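Q: One structure follows; several queries about it will come next.
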Amino acid sequence: MFEKAEGTMQNIAGRVQDAFGAATGDASMQLEGKARQVAGRAQQGYGAVLDQVRESAVVNPVATLAVVASVSFVLGALWARR
């Protein structure tokens, strides 16, 4: 939940920064504001996925454990090949 809220705040701050850059004619500030908006939206999406995973873990812990074990196995196998 914290990630979604933080992403929302970053998105809002980016919009303000973008608008301020547009009003003052500062292109670098405007670009930084747009980048902050994108980062905020990405963090909101990450927070939403994290919330869904947490919800799934509460509803069905055995399936969640199986998925985590499978992903860990695959990552371990890929890492061992390096």
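Q: For Ala19, are the conditions met, namely being assigned to a helix (DSSP H, G or I) and touching a residue at least 40 places away in the same chain (Cβ under 8 Å)?
A: No; evaluated as a whole, the condition is false for this residue.
Q: While we're here: Picking from Ala42, Ala35, Ala69, which residue would you name as being over 20 Å from Asn11 (Cβ atoms), among the hydrophobic types (A, V, I, L, M, F, W, C), part of a helix (DSSP H, G or I) and modelled with pLDDT of 90 or more?
A: Within the list Ala42, Ala35, Ala69, the selection yields Ala69.
Q: Within the group Ala48, Ala66, which residue is of a type in the set (Gly, Ala, Ser) and free of Cβ contacts under 8 Å to residues at least 12 places away in the same chain?
A: Only one candidate qualifies: Ala66.
Q: How many residues are aliphatic (A, V, I, L, M) and loosely packed, with under 13 Cβ neighbours inside 10 Å when one looks only at the stretch 24-34?
A: 1
Q: Now, a different point. In this structure, does Gln30 turn out to be of a type in the set (S, T, N, Q), assigned to a helix (DSSP H, G or I), free of Cβ contacts under 8 Å to residues at least 60 places away in the same chain and in contact with a helix residue (DSSP H, G or I) (Cβ under 6 Å, 6 or more places away or on another chain)?
A: Yes.
The values are calculated or read from the model by the stated rules, or taken from the named source; none is laboratory data. All values derive from a computational prediction rather than experimental measurement. In this analysis, Cβ positions are derived from the backbone assuming ideal geometry, glycine residues included, and neighbour counts consider all displayed protein chains.
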